[in-house]
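J.: Have a look at the structure that comes next, please.
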Amino acid sequence: MKKNFKYFAIVWFALLAVFNVVTFVTPRVIFDIDRFEQASFWIAYAFITLCFFFQLGTAWLVCKKDDKEKVFLNIPILRIGYASLIVSAIVAVVFMIIAVIPAWIGAIVCVILTVIFAIASVKAVAVADVVGAIDDKVKEQTQFMKLAVADVEVLIASATTAEIKEEVKKVYEDLRYSDY
């Protein structure tokens, strides 16, 4: 999963770079409004940048697991992260460039997107945990049945009479073909 985080981080860095380049390369004065003199511009810029870092932190927390099954179950979280990053970058660029629209609205929209990303990530983590717990329970039950079948095989081999051997074979067949 650490490899997946590396890819996520590359996309994250690229989008953050594009956001910053577009924000600061675009002419400073648009529609006779100097964007950089507006306090709301810098507040919005700070909030949007914090949203980007929050998304990176959330992705890191999700990706730090090494278990392959957990990796598989956490793939939806990375997809949510990618979608959130792309939408946040587009919204941020639009709101930071068009000075007529108050920049604080862009900050609020990005914060809302980040909260939606966090909620979706928590839901995906919860689903992954539930599925992982069910998988662990199934493995435990399967292991129990395998051990029981092995014990009965030993009993078959150690049976002293044909009658006992036949009865133990019935138990063996029931265990071997059970759905439990």
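The values are calculated or read from the model by the stated rules, or taken from the named source; none is laboratory data. Keep in mind the model is a prediction, meaning the values are calculated, not measured. Glycine also receives a Cβ, built like all others from the backbone with ideal geometry; neighbour counts cover every protein chain displayed. Just the protein is used for accessible areas: all its heavy atoms, side chains included, with ligands, DNA and RNA removed. Shrake-Rupley method; radii C 1.70, N 1.55, O 1.52, S 1.80 Å.
J.: So, with a 1.4 angstrom probe, what is the percent of accessible area on region 80-157 that is carbon and sulfur?
T.: Working: 3470 of 4350 Å².
With neighbouring chains kept in place, the figure for region 80-157 is 80 percent.
J.: Tell me, what is the per residue accessible area of the chain in Å², probe radius 1.4 Å?
T.: Here the per-residue accessible area is 63 Å².
J.: For log10 I(q)/I(0) by the Debye sum over Cα atoms at q = 0.10, 0.12, 0.13 Å⁻¹, which listed value, (1) -0.55, -0.76, -0.87; (2) -0.64, -0.83, -0.91; (3) -0.56, -0.68, -0.74, comes from the coordinates shown?
T.: (3)
J.: Also, quick follow-up: Rounded, prolate or oblate, given the Cα gyration tensor of region 96-163, with a/c below 1.5 counting as rounded? Each step should come with its number before you reach the end.
T.: On the way: a/c = 13.38, a/b = 9.69, b/c = 1.38.
Cα axes put region 96-163 in the prolate bin.
J.: Under 13 Å from the Cβ of residue 97, count the other residues' Cβ atoms, weight Lys and Arg +1, Asp and Glu -1, and hand me the total.
T.: +2
J.: Could you tell me the relative contact order of the chain? Use alpha-carbon pairs under 8 Å, at least six residues apart, and round to a whole percent.
T.: 25 percent
J.: OK, next. Per-residue accessible area for residue 3 at 1.4 Å probe radius, Å² rounded to 10?
T.: That residue has around 130 Å² of solvent-accessible surface.
J.: Moving on to the next point. Quick check: with the 1.4 Å probe, what order do 7, 45 take by accessible area, largest first?
T.: Details: 7 110, 45 50 Å².
Heavy-atom accessible area, descending, gives 7, 45.
J.: Ok, one more. How big is the charge dipole of region 15-68 about its Cα centre, in debye rounded to the nearest 20, if each Lys and Arg gets +1 on its Cβ and each Asp and Glu gets -1 on its Cβ?
T.: Working: 5 positive and 5 negative charges, 53 e Å.
Around 260 debye, computed over region 15-68.
J.: Place a +1 charge on the Cβ of each Lys and Arg in region 28-168 and a -1 charge on the Cβ of each Asp and Glu, then give the dipole magnitude about the Cα centre in debye, rounded to the nearest 20.
T.: Approximately 700 debye in magnitude.
J.: Could you work out [θ]222 nm for the chain from helices alone, using -39500 (n - 2.57) per DSSP H run of at least four and dividing by all its residues? Round to the nearest 500 deg cm²/dmol.
T.: Helix contribution divided over all residues of the chain: -29500 deg cm²/dmol.
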